[in-house]
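I have placed the structure first, in the form of structure tokens, so that the comments after it can refer back to it.
The values are calculated or read from the model by the stated rules, or taken from the named source; none is laboratory data. Remember, it's a predicted structure, so these values are computed and weren't measured experimentally. Positions of Cβ are backbone-derived with ideal geometry, glycine not excepted, and every protein chain shown enters the neighbour counts. Note: areas computed on protein heavy atoms with side chains; ligands, DNA, RNA excluded. Shrake-Rupley method; radii C 1.70, N 1.55, O 1.52, S 1.80 Å.
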Amino acid sequence: MLSSEVEDLAGKVRSKDQRGMARVLSMVENGHPLAPPILHSLYNPERSGLTIGITGYPGAGKSTLTNRLIAYYRKHGCKVGVIAVDPSSPFSGGALLGDRLRMQDHASDPGVFIRSMGNRGHLGGLSGTTRDALEVFAAASYDPVLVETMGVGQAEVEIASLADITLLVLVPGLGDEVQTMKAGIMEIGNIIVLNKADRPGIEQLEMFVNASLDLIPDQTLRPTVISCSALSGEGIEKLTDAIANCVSFGTGRRVIARRRTKLILRSIIREKGKELARKHVSDRYGSIEEAIESILEGKTTPYEIGEMLSGFLENKRENENECKRD
Amino acid sequence: MDRKIRVLIGKPGLDGHDRGAKYIARALRDAGMEVIYTGIRQTPEAIVNAAIQEDVDFVGLSLLSGAHNHLFPEVARLLNEKGGSDIILFGGGVIPEEDIPGLKKAGFKAIFTPGASSSEVVDFIEQEIQTH
Ligand code: B12
Ligand SMILES: Nc1nc2c(ncn2[C@@H]2O[C@H](COP(=O)(O)OP(=O)(O)O)[C@@H](O)[C@H]2O)c(=O)[nH]1
Ligand SMILES: [Mg+2]
């Protein structure tokens with residue numbers, strides 16, 4: 001019965017049923033128990049869909065730029081997906097998701113699927129389930145999928161590892177910020193977009209950005225810098241050309257597929273490993289709190305618990321091998 | 001499972017009065033809900049499209065211009081047509097008392113008029129989600 005529900009929902013995603021796909025996205029977001037089997041059914045290691053990440057400070061024009069990029073890819077006959085992440089309130093857990101407001105040009109276009117997500121406490125500018133949501137979009141043949149981050153904290157780092165191409169959006173008036181930006185951030189974007197080029201201060205921004213890019217030790221990693229105005233549309237073609245260049249140069253589609261698989265497996269190992277270890281320690285000591293008490297009472301140390309966990313995984317494997325021999 | 005109540009707040013038609021809609025959107029966020037605000041001047045098609053893609057539990061419409069008798073039922077009709085008949089509709093704005101029964105018949109569970117407090121709206125949603 002369960003598996004027929006899984007196949008039914010996965011089938012709806014594949015047949016591009018928007019209501020079914022929206023439901024599956026919610027199940028993924030909510031950590032519904034059927035989400036993993038659905039994702040298993042949808043997963044295609046060879047999928048070629050492109051993920052374009054868009055990051056930068058709040059107000060930089062990420063949503064307005066996304067609106068422009070949607071128009072461009074629609075004109076070229078692509079079905080476009082968008083995941084727009086905004087912060088959830090740490091107090092109420094609620095969120096005001098307003099990115100759609102700037103994407104109204106495509107509000108009734110059936111070839112565009114826009115999904116807004118609250119980050120639900122996940123640090124890093126994305127929601128904890130953005131990675132899995134991308135597989136759902138891919139299975140319904142949305143290509144490319146544009147991911148707008150909430151643009152604070154470590155957003156740049158996280159989106160760069162998830163997306164195939166990352167745009168870092170900067171605006172005039174950010175000169176000081178650019179100079180004091182943490183080392184490494186500038187190298188993360190494949191393309192640095194200097195938006196609001198219609199505003200004064202764009203030349204100065206360009207100067208600051210180029211000066212700090214000159215400091216990158218490996219200049220082959222130097223990102224392309226494009227200035228444009230998402231508001232007027234001026235310079236957007238230069239940007240889409242630069243994105244196309246990025247895909248053909250260096251990041252071929254096969255390379256992308258391998259990188260993506262590695263990323264997904266790595267984070268699943270990390271999450272499941274954490275879950276398993278936490279559960280085992282809780283089972284053994286009653287709770288994590290009680291394990292801490294035992295350490296404070298001098299009965300054990302964190303390192304001994306670590307050794308115990310390694311032993312647990314080893315034994316599990318031996319048991320499994322024994323089962324196979326029987 | 002980490003399930004949140006999702007609500008879309010939309011303004012169909014040409015009405016530009018958006019204070020009430022924004023006020024309600026913020027109040028629902030502060031009550032722990034995820035609120036998608038689509039902005040002013042939306043067609044009923046755009047609102048319904050967004051409601052389906054965002055997989056919301058509720059759609060709340062706001063109108064102060066007087067066009068509610070046409071636009072509210074149109075959203076209800078399209079929502080049913082697109083398979084969203086289980087999404088709960090409600091609304092608010094400058095809406096004469098005598099229009100409310102007609103809107104309820106068209107599928108709107110509740111209508112809130114000027115002076116309504118945000119806690120009334122929050123209570124309505126929390127009650128509906130229990131019985132839904
Ligand atoms: C402020 C205001 C404006 C501002 C709007 C600013 C803005 N960005 O919102 C300005 C000056 C721009 C304006 C312009 C106009 N206005 Co005006 N405006 C008002 C006024 C005085 C207050 C509205 C307001 O903001 N109230 C505060 C908010 C918080 O209350 P609210 O919106 O009613 O929301 C509450 C409830 O209704 C409910 N609610 C509302 N929406 C929703 C949605 C949901 C889901 C829920 C649950 C609840 C809910 O909850 C809220 C909290 O209680 C009203 C008169 C009035 N007393 O209502 C006229 C009024 C709405 N305006 C009116 C008119 C005619 C106009 C103009 C056409 C005037 C003109 N000739 O140019 C223009 C049109 C503008 C446009 N583009 O549409 C008329 C509408 C007449 C009608 N319905 O038949 C009114 C009723 C004045 C009147 N008595 O004639 N207006
Ligand atoms: N002058 C100017 N304003 C812009 C440009 N792009 C976006 N904006 C405005 O900047 C504000 C924030 O834009 P938004 O796309 O919501 O930014 P986000 O928070 O990064 O998604 C809005 O008022 C936009 O209209 C631009 O190129 N030039
Ligand atoms: Mg935005």
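Tabulated results
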{"item": "Residue check for residue B:88: touching a residue at least 24 places away in the same chain (Cβ under 8 Å), within 13 Å of ligand 1 (Cβ to nearest atom) and either small (Gly, Ala, Ser) or more than 16 Å from residue B:28 (Cβ to Cβ) (or both)", "result": "no"}
{"item": "Residues being within 12 Å of ligand 2 (Cβ to nearest atom) and open to solvent by 40 Å² or more (accessible area, probe 1.4 Å) - total across the stretch A:85-103", "result": "3"}
{"item": "Qualifying positions in the stretch B:22-45 - open to solvent by less than 50 Å² (accessible area, probe 1.4 Å) and touching a residue at least 60 places away in the same chain (Cβ under 8 Å)", "result": "B:24, B:27, B:28, B:31, B:33"}
{"item": "Helices (runs of 4 or more DSSP H) (entirely within the stretch A:113-224) containing at least 1 residues that are among the basic types (Lys, Arg) and at pLDDT 85 or above", "result": "A:130-139"}
{"item": "Of all residues in the stretch A:193-244 being basic (Lys, Arg) and within 16 Å of ligand 2 (Cβ to nearest atom), the one that is surrounded by the most Cβ atoms within 10 Å (Cβ to Cβ)", "result": "A:196"}
{"item": "Pairs with Cβ under 7 Å, 6+ apart, first in the stretch A:63-90 and closer than 15 Å to residue A:169 by Cβ, second acidic (Asp, Glu) and within 16 Å of ligand 2 (Cβ to nearest atom)", "result": "A:63/A:99; A:63/A:148; A:66/A:148; A:67/A:105; A:84/A:99; A:84/A:148; A:85/A:148"}
{"item": "Among (1) part of a helix (DSSP H, G or I); (2) away from every other protein chain (no Cβ under 13 Å); (3) at pLDDT 90 or above, the one test that residue A:52 misses", "result": "(1)"}
{"item": "Residue match in the stretch B:65-73 (condition: away from chain A (no Cβ under 14 Å) and in contact with a Pro (Cβ under 6 Å, 6 or more places away or on another chain))", "result": "yes"}
{"item": "In the stretch B:86-109, residue nearest to the chain's Cα centre (by Cα) [restricted to those that are assigned to a helix (DSSP H, G or I) and surrounded by fewer than 19 Cβ atoms within 10 Å (Cβ to Cβ)]", "result": "B:104"}
{"item": "Residue count for the stretch B:59-85, restricted to those that are open to solvent by less than 10 Å² (accessible area, probe 1.4 Å) and more than 13 Å from residue B:111 (Cα to Cα)", "result": "4"}
{"item": "Residue within the stretch B:46-58 that is more than 11 Å from chain A (Cβ to nearest Cβ), open to solvent by less than 40 Å² (accessible area, probe 1.4 Å) and touching a residue at least 24 places away in the same chain (Cβ under 8 Å) present", "result": "yes"}
{"item": "Residue among B:83, B:39, B:32 that is within 14 Å of chain A (Cβ to nearest Cβ), modelled with pLDDT under 95 and more than 13 Å from the chain's Cα centre (by Cα)", "result": "B:83"}
